[in-house]
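Just so you know, all these numbers are worked out from the coordinates, no wet-lab data involved. As the structure is a prediction and not an experimental result, all values here were calculated from the model. Neighbour counts are summed over all protein chains in view; Cβ atoms, including those assigned to glycine, are modelled from backbone coordinates with ideal geometry.
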Amino acid sequence: MGKRSAPRYPEDENKGGGVCCCLCGCCCFLLVLVALFVGSSVYLVYTLKPKAPSYSVSKMAVSKFDFSSSDLTLYTKLVATVRAENPNDKIGIKYADGSRTVVSYRGTPLCSGKLPTFFQGHNNVTMLEISMEGRHGFGSGLQEALEESEKAGNVPLDVYVTVPVQLLLDTYDLPQLKVNVHAALVVDSISPKKPPTIKSATYQGNVEY
Ligand SMILES: *[C@@H]1O[C@H](CO)[C@@H](O)[C@H](O)[C@H]1NC(C)=O
């Protein structure tokens, strides 16, 4: 094997060397491009330090929660106070038109509304008051389940928020994103008689590009 491959070796090396050189050149060029790209991304990420905004429901006020037995509907009107924090040092957030918020009980939407459109500067905390109302048909099952939850003092409510946001770096527009937040709350009661106490809350969110 050694004897047969030995004479071929220099030939192969010469041929391969040419191809290899060319490949190397391309590779180097690509590597430099990749390095530049990664470098500038890392630089941007490090200087901008983008952080996800955070949201939490701090208060709820129910003004209407009326079962109508004549047409079997439930009319709900409430205001959720949401604390929105933009922790970024350089990135501003413009909350655009086209948002939607929904409060639902065990899969049944009770009321809906939308966020105000506004611009939130960097390192800013804003309390948003979101008014929601809705009239929904209900079966007797829903009313019974709600009454039981009320009695137990554990009413599970899901708050869904979908909002298109425009990120701004100084005055430059960054790509538009869509932020989705799901808050799973447990309140002690949902009635206009007394303000609900939020007993627990868990949040999930994601961003669509
Ligand atoms: C946060 O932003 C809101 C909306 O732009 C503004 O009204 C409020 O004054 C800002 N708060 C602080 C502390 O800058």
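List the pairs from Lys49/Lys199; Lys151/Lys178; Lys90/Lys178; Lys64/Lys94 whose alpha-carbon separation is above 28 Å, in the order I gave them. Please report the intermediate quantities before stating the final value.
Numbers: Lys49/Lys199 33 Å; Lys151/Lys178 38 Å; Lys90/Lys178 20 Å; Lys64/Lys94 31 Å.
From Lys49/Lys199; Lys151/Lys178; Lys90/Lys178; Lys64/Lys94, over 28 Å: Lys49/Lys199; Lys151/Lys178; Lys64/Lys94.
Take the alpha-carbon centre of the range 113-128, take the same for the range 141-157, and report the distance between them in whole Å.
Here the answer is 32 Å between Cα centres.
What does the net charge come to around Pro164 if you take all other residues with beta carbon closer than 12 Å to its beta carbon, with K and R at +1 and D and E at -1?
+2
Based on the Cα atoms of the range 20-140, what semi-axes does the equivalent ellipsoid have, where each is the square root of 5 times one gyration tensor eigenvalue, given in whole Å with the largest first?
Working from the Cα gyration tensor, I get semi-axes of 50, 20, 10 Å.
Taking amide H positions as placed in the peptide plane 1.01 Å from N, state which residues far from Arg106 in sequence (5 or more) or on other chains have amide H under 5 Å from it.
Counting only residues 5 or more places away or on other chains, the set is Asp158.
Which of Ser41, Ser56, Ser149 moves the most in a Gaussian network model of the chain with Cα springs under 10 Å?
Maximum fluctuation in the GNM of the chain, among the listed residues, is at Ser41.
Amide H to amide H, which residues 5 or more places from Leu174 or on other chains are under 5 Å from it, using H placed in the peptide plane?
When sequence neighbours closer than 5 places are left aside, the close amide H contacts are Leu167, Leu168, Leu169.
In the neighborhood of Gly92, defined by Cβ-to-Cβ distances under 11 Å, what is the net charge if each Lys or Arg adds +1 and each Asp or Glu adds -1?
-1
Would you mind computing, in nm to one decimal, how far apart the modelled labels at Thr126 and Val102 are, each placed 7 Å from Cα along Cα→Cβ?
Label-label distance for Thr126 and Val102, simple model: 2.5 nm.
Amide H neighbours of Gln120 under 5 Å, at least 5 residues apart or on other chains, H built in the peptide plane: list them.
Residues meeting the criterion, in which the H sits 1.01 Å from N, are Ile93, Lys94, Tyr95.
Apply the Karplus parameterisation 6.51 cos²θ - 1.76 cosθ + 1.60, with θ equal to phi minus 60°, to every residue of the range 71-78 and state each ³J(HN,Hα) to the nearest whole Hz, in sequence, with x for glycine and proline.
Residue by residue, the range 71-78 yields 10, 6, 10, 10, 9, 10, 9, 8 Hz.
Length gain on complete extension for the stretch Ser40 to Ser68, per 0.36 nm per residue less the alpha carbon to alpha carbon distance?
The span from Ser40 to Ser68 would gain 4.0 nm if fully extended.
Can you check what the net charge comes to around Ile198, using other residues whose Cβ is under 15 Å from the Cβ of Ile198 (Lys, Arg +1; Asp, Glu -1)? All intermediate terms of the calculation are to be shown ahead of the outcome.
Numbers: positive: Lys59, Arg83, Lys194, Lys199; negative: Asp158, Asp188.
Here the count lands on +2.
Enter the angle in degrees (range 0 to 90, nearest 10) between the Cα long axis of helix 140-152 and the first principal axis of the Cα atoms of the chain, meaning the one along which they spread out most.
90 degrees
If you look at just the Cα atoms of the chain, how large are its Rg and its Dmax in Å?
Rg, Dmax (Cα atoms, Å): 28.8, 101.
Rounding to the nearest 20 debye, state how big the charge dipole of the chain is about its Cα centre with +1 on each Lys and Arg Cβ and -1 on each Asp and Glu Cβ. List each step's numbers first, then the result.
Values: 21 positive and 19 negative charges, 80 e Å.
Using only the charged Cβ atoms, the result is roughly 380 debye.
Per the helix-only calculation at 222 nm, which mean residue ellipticity applies to the chain, given -39500 (n - 2.57) for every DSSP H run of n ≥ 4 and division by its residues, nearest 500 deg cm²/dmol?
-10500 deg cm²/dmol, from helical runs alone.
Compute the relative contact order of the range 54-208 as a whole-number percentage, counting only Cα pairs closer than 8 Å that sit 6 or more residues apart in sequence.
Computed value for the range 54-208: 25 percent relative contact order.
Using label points projected 7 Å from each Cα along Cα→Cβ, tell me how many nm separate Lys199 and Val79, to one decimal.
Inter-label distance under the simple model: 2.6 nm.
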